[in-house]
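Asker: Following this message is one structure expressed as structure tokens.
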Amino acid sequence: MSSAGVTALLPVHNEQLLFPNRLPTPLGLEPNESIWIYLSVSGSIDPMPIFASESIESVKLRIQSCKGFVVKKQKLVCGGRELSRNNSLVRDYGVTDGNVLHLVLRLSDLQVINVKTYCGKEFTFHVERDRDVAYVKEKITKKVKEFVDADEHEVVCDGRPLDDHSLVDDICNRKDAVIHLFVRKSAKVRGKPVDKAFELSIVASHFKEQCGSKFSRENDKKQYNNTDEKVYRTEYDYDKEIASRRPPPNEGRGSFMEPIIVNPKIELPIPIWDMVNSTLDGLDHGHFPVRSLEGTGGAYLMLDPSGKKYVSVFKPIDEEPMALNNPRALPLSLDGEGLKKGTRVGEGAFREVAAYILDHPITGHRSMFGDKKGFAGVPPTVLVKCLHDGFNHPSDKSVKIGSLQMFMENNGSCEEFGAGAFPTKEVHKISVLDIRLANADRHAGNILLGKEREGGHTVLIPIDHGYCLPTSFEDCTFDWLYWPQAQQPYDAETLDYINSLDAEEDIALLKFHGWELPLECARTLRISTMLLKKGAKRGLTPFDIGSAMCRETLTKKSVIEECVDEAMDSILPGTSETTFLETVYEIMDHRLDQIAASLP
């Protein structure tokens with residue numbers, strides 16, 4: 001359905017909402033004409049008429065028409081499941097009259113602004129990159145009561161005063177994590193007539209008159225018993241270079257971070273320790289975690305000691321989608337299942353780490369969590385526990401357990417570029433990872449576009465693997481499946497790598513690192529690895545193999561699901577897992593032979 005045919009939402013009735021999960025149906029439309037759902041976004045709930053026969057994309061276009069949120073920034077969740085397939089119908093997901101659809105927005109065009117004032121106050125907020133400095137000053141005025149008139153203040157970035165008409169996007173380097181601004185009182189130029197001339201005077205309000213904070217008074221007494229001008233300049237330099245937002249650790253700061261190492265035989269390599277230590281140093285220097293506005297769970301961008309660059313991303317397990325402390329206000333999972341079929345709430349961090357562990361370098365397995373780059377390039381990831389005020393603590397502050405992943409410098413995600421810009425080899429590397437791990441959440445937004453340090457070649461960086469290794473194949477989706485590179489055969493090096501994969505060794509490796517895969521997840525890994533190896537041996541492309549794993553529609557089972565079902569129907573109760581898998585592989589051989597024979 002094209003956007004031209006989408007109308008704005010109909011006027012809604014101001015009816016009282018009585019139930020959190022099932023709300024009363026507004027009057028005005030017959031059930032056979034449409035259904036009414038309730039759209040929940042940012043704490044507000046609005047009724048919305050849709051057709052059960054509409055596609056999910058059509059619903060998103062309606063939301064765009066009414067709310068202004070573009071389709072690619074939207075994620076819809078209903079009944080604890082993400083409505084991720086845009087081409088599927090509303091009724092396919094079981095959405096019925098009165099259901100609540102939770103809208104989660106992916107707002108990547110926001111910039112983090114860190115502000116320090118001459119009063120010694122400091123705070124952080126997000127602002128759209130197309131806003132100007134005047135708008136930033138208005139935001140600051142609302143934050144600080146001493147700022148009565150925004151026109152009397154100027155904003156300084158790196159020692160340079162900023163014009164009110166400067167755009168945030170113009171003054172920031174997109175590689176910088178945070179814009180650091182200092183706000184100071186502007187000097188006023190006054191003129192009065194003296195005979196036939198004018199006498200000009202520059203008046204700057206006394207610092208202590210503008211701010212009564214202890215921070216300012218103490219430094220004024222210690223160092224500045226001079227002119228206002230000297231107080232002004234020296235105070236800015238001190239505030240910019242030395243003052244920290246939080247007291248140092250030895251003054252009871254109350255935060256820490258350390259890796260969780262289950263097996264004492266594991267020795268973390270230097271890059272992992274560097275990431276952990278740099279993250280902890282950033283916290284010790286008073287740099288609060290910056291919660292990402294992407295995704296459906298709590299993900300925190302962690303700053304280095306300078307506060308200018310991100311070094312890692314922390315994802316606490318209790319802030320995952322539908323977990324107890326999820327900051328997106330998604331409903332709690334009633335049965336423990338995650339947003340994707342076959343996953344569990346609270347296991348995302350383990351899956352993130354597992355993806356890194358199983359992304360073996362082309363030379364072979366890492367030695368004791370070695371530091372060699374994996375074949376697909378999953379960033380170094382480790383399980384940690386961390387305590388800090390900056391995380392989502394609805395009640396008492398507590399230690400968080402989650403995954404810590406190295407932040408990778410990038411030029412954006414693949415959804416911001418045409419697929420033709422991606423090297424075929426890079427797409428193939430990610431296809432190998434996704435097929436092998438049965439990734440249930442591979443979209444263009446979680447593949448980053450980067451550059452190699454040597455040579456400057458384009459590389460693709462896969463992130464967000466919290467939904468890999470599910471217990472079933474039902475929600476497996478790969479955006480790269482429809483890129484032209486997926487139609488190309490694997491090269492010799494990739495085929496050799498695929499041939500070297502061994503699911504039994506992988507299961508043992510995960511156990512060595514402390515995660516014993518549940519039987520259903522281990523079965524998924526065994527079957528998906530075998531599908532990849534058998535498909536590659538027959539000369540099938542990533543598209544051919546991936547299509548056998550992914551459903552064409554929400555309700556039509558994939559080839560691999562049909563193989564599993566057929567094997568399940570053909571064995572006797574009590575049959576061993578080994579015998580069951582052998583049956584699956586025999587059926588798989590037959591289906592893959594059919595696919596290979598049908599190709600031109």
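Asker: Ignoring ligands and nucleic acids, what accessible area does Asp335 show with a 1.4 Å probe (Å², nearest 10)?
Answerer: Looks like 100 Å² after rounding.
Asker: Among 556-565, 509-518, 436-445, what's the highest-first ranking by average C-beta atoms within 10 angstrom per residue?
Answerer: Final packing ranking: 436-445, 556-565, 509-518.
Asker: Now for a separate question. Give me D for region 318-372 in µm² s⁻¹, whole number, from Stokes-Einstein with Rh from the Kirkwood sum over alpha-carbon pairs, 10 °C and 1.306 mPa s.
Answerer: 122
Asker: Using θ = phi - 60° and the Karplus relation 6.51 cos²θ - 1.76 cosθ + 1.60, list the HN-Hα couplings for region 400-408 in order, rounded to whole Hz, with x at every Gly or Pro.
Answerer: Here the 3J(HN,Hα) series is 9, 10, x, 8, 10, 10, 4, 6, 10 Hz.
Asker: Another one. Do the alpha carbons of any pairs in Lys425/Lys534; Lys315/Lys511; Lys60/Lys121; Lys75/Lys534; Lys137/Lys315; Lys137/Lys397 sit beyond 30 Å of each other, and which pairs?
Answerer: Lys60/Lys121; Lys75/Lys534; Lys137/Lys315; Lys137/Lys397
Asker: Just the Cα atoms of region 444-543, one point each, no solvent: what log10 I(q)/I(0) does Debye give at q = 0.17, 0.18, 0.20 Å⁻¹?
Answerer: -1.05, -1.16, -1.32
Asker: Moving to a separate point now. Could you give the distance between the Cα centres of region 328-343 and region 57-104, to the whole Å?
Answerer: The two parts, judged by their Cα centres, are 16 Å apart.
Asker: Between the alpha-carbon centers of region 289-312 and region 524-545, tell me the distance in whole angstrom.
Answerer: Centre-to-centre distance over Cα atoms comes out at 36 Å.
Asker: Under 5 Å between amide H atoms, partner at least 5 residues away or on a different chain: which partners does Arg442 have, H built in plane at 1.01 Å?
Answerer: Thr477, Asp479
Asker: Read phi for every residue in region 319-335 and hand back ³J(HN,Hα) as whole Hz from Karplus 6.51 cos²θ - 1.76 cosθ + 1.60, θ = phi - 60°, with x for Gly and Pro.
Answerer: The phi angles translate into 10, 5, x, 6, 8, 4, 10, 4, x, 8, 6, 6, x, 5, 6, 7, 10 Hz.
Asker: Follow-up question, since we're still on this one. Region 436-489: D in µm²/s via Stokes-Einstein (Kirkwood Rh, Cα pairs, 4 °C, 1.567 mPa s)?
Answerer: The calculation lands on 102 µm²/s.
Asker: While we're on this one: Amide H to amide H under 5 Å from Val459: which residues, 5+ apart in sequence or cross-chain, H placed 1.01 Å off N in plane?
Answerer: Gly450, Lys451, Glu452
Asker: Using square roots of five times the C-alpha gyration tensor eigenvalues, list the equivalent-ellipsoid semi-axes of region 34-105 in whole Å, biggest first.
Answerer: The three semi-axes for region 34-105 are 16, 14, 12 Å.
Asker: Hey, another quick one. Rounded to a whole number of µm²/s, how large is the Stokes-Einstein D of region 253-407 at 37 °C and 0.692 mPa s, given Rh as the Kirkwood radius over C-alpha pairs?
Answerer: The diffusion coefficient I find is 203 µm²/s.
Asker: Right, something else. For region 417-599, treating each Cα as an identical point scatterer without solvent, what Debye log10 I(q)/I(0) comes out at q = 0.09, 0.17 1/Å?
Answerer: The Debye formula, applied to the Cα set alone, gives -0.32, -1.15.
The values are calculated or read from the model by the stated rules, or taken from the named source; none is laboratory data. Every value quoted in this text rests on a predicted model; they were computed, and no experiment measured them. All Cβ positions, glycine included, derive from the backbone under ideal geometry; neighbour counts span all protein chains shown. Accessible surface is based on the protein model in full, side chains and every heavy atom, while ligands, DNA and RNA are left aside. Shrake-Rupley method; radii C 1.70, N 1.55, O 1.52, S 1.80 Å.
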